[in-house]
Amino acid sequence: MATFAPNPEAIARVPRAIAFRYDALPLSLTDGVLAVGLAEPNDASVVDALRAATRLRVRPLPMPRDSIRELLHVAYGPGSAPQAEVERSADAPAVRAVDLVFARAVAAHASDIHVEPSAAGGRVRLRVDGILRELETIPAELLPSFASRLKLLAGMDIADRRQPQDGRCGIPFEQREIDARVASVPTIDGEKLVVRLLDRYAATPDLTTLGMPAETLARYRAAASAPWGFVVVAGPTGSGKTTTLYASLAELDARSRNVCSVEDPVEMRLRGVSQVQVNARAGLTFPLVLRAFMRQDPNVVMVGEMRDGETAAVAVSAALAGQMVFTTLHANDAPRAVDRFVELGVARHSLAAALSAVVAQRLVRRLCEQCRVRTAIPAQLRERLRVEQTSWYAAGGCAACAGSGYLGRTGVYELMDVDDATRDAIAGGASSVHVAQLAARAGYRPMHEDALAKVLAGTTSFDELTRVVAWRGAR
């Protein structure tokens, strides 16, 4: 330690707050490669944050954490610990404001934090149970430092406000860290930032608790437990697709199978599953990882999302080669998932041969059982819906649900099993309407039927159904 000589060039490239936050000691800068001393040099999230903050290639070198912390004061000067710096800086209000927003978001079980600028300042909104709720306003004089604080924590370039950026950081919570993924985009009023909160150590979901009807669940489990095939979960962003896949993998026997996944991001740690985090900057892409998996004798492969034709083609090929492949896809319903794959460039005959089942889903808010209100169903609506029941429940509002009338969410589902007749139709270029008609003979029922059943059972409201599900009968 006595021989440590600070390298001014390397130190200048790593912001002081980043160095102290990650216990990262800049050692040297040679040919665009930054050598950094780290207590955990294999922590990819720390290396990625340093790479994002410096725009350099990073070479992590192992060092004791105590030595790093002592030498950071040598490198950056005495009294440079982040807390001391924060307390003396003009940005202290922004630091406190960001910490408070994180704390309130975690306490509210929010999935996302939206920081939205305007000409008069800005506002913070939380997405809770799929709905954005305003949390607080941000004065115009605080907004720039608030945004800079968020970007600094996520390892983003705070000086660049003209280009979209991505970053991530960890939020301490109850003896663990919640992963925060930050994305910025420039608007005419300033930078808009969205923070997605992911608890990678949350309890593994169970298929029986997701809200899938018993008959649909039995058919889905039959498809998911097959020795090979291609199971697709479709829906828009935030519809719970990945949760369904995690619950599916959790039911598999990982002790006797080689189960692998490639994701962006890894939203939850699964016991016995080899999970790979995509890193585009390092060249670690979905197709590259999928091809690597194929050389490792896999039994089950999960692909976090079908984003491009190359990924889709490799996944279909894996299913045809004898693996069980699970994936998610952005599509409105199960029959239209076929159109989406064709749009991505997958050959119809290959898709028809590989596809075994498609689940489409949405998330609806559950009525708060403490304040839900029984109301009569209007006669005209009863006739239009073709139901005999004369009443259902509507949202109320109480302290337990923060006045919203809803508490938690559940899924609404449709499942399309792909039998021989449906395969022939897909291969022959049939429309999604014709595919749906054929699938109905094998048990396919549109999602709105499950949604209506949950309304009549008092699980959710008709207002929630019409908000989330395309309901033809309600027109």
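Just a few scattered comments:
- Filtered residues of region 39-57 (kept if touching a strand residue (DSSP E or B) at 6+ places or on another chain (Cβ under 6 Å), free of Cβ contacts under 8 Å to residues at least 40 places away in the same chain and either surrounded by fewer than 17 Cβ atoms within 10 Å (Cβ to Cβ) or farther than 22 Å from Val276 by Cα (or both)): Pro41, Arg57
- Single residue of region 123-150 satisfying the filter (touching an Asp or Glu at 6+ places or on another chain (Cβ under 6 Å) and in a strand (DSSP E or B)) that is surrounded by the fewest Cβ atoms within 10 Å (Cβ to Cβ): Arg123
- Filter result for the condition that a residue is surrounded by fewer than 22 Cβ atoms within 10 Å (Cβ to Cβ), of a type in the set (A, V, I, L, M), touching a residue at least 24 places away in the same chain (Cβ under 8 Å) and not in a loop (DSSP other than H, G, I, E, B), over Ala337, Ala318, Ala313: Ala313
- The criterion of being crowded, with 17+ Cβ neighbours inside 10 Å and within 28 Å of Ala347 (Cβ to Cβ) holds for Thr285.
- Filter result (of a type outside the set (S, T, N, Q) and touching a residue at least 12 places away in the same chain (Cβ under 8 Å)) within region 159-175: Arg161, Arg162, Pro164, Asp166, Gly167, Arg168, Cys169, Gly170, Ile171, Phe173
- Residue in region 162-177 that is more than 17 Å from Asp48 (Cα to Cα), surrounded by 14 or more Cβ atoms within 10 Å (Cβ to Cβ), modelled with pLDDT of 85 or more and not polar (S, T, N, Q) present: no
- Scan region 20-58 for residues that are part of a loop (DSSP other than H, G, I, E, B) and either at positive phi or hydrophobic (A, V, I, L, M, F, W, C) (or both) and the total you get is 6.
- Cross-chain or 6+ apart pairs with Cβ under 8 Å, region 404-432 first and on the phi > 0 side of the Ramachandran plot, then charged (D, E, K, R) and assigned to a helix (DSSP H, G or I): Gly429/Arg348
- The condition (being in contact (Cβ under 8 Å) with a residue 24 or more places away in the chain, under 15 Å from Val301 (Cβ atoms) and among the polar types (S, T, N, Q)) is satisfied by just one residue among Ser274, Ser261: Ser261.
The values are calculated or read from the model by the stated rules, or taken from the named source; none is laboratory data. All values derive from a computational prediction rather than experimental measurement. Virtual Cβ from ideal backbone geometry, glycine too; neighbours counted across all protein chains shown.
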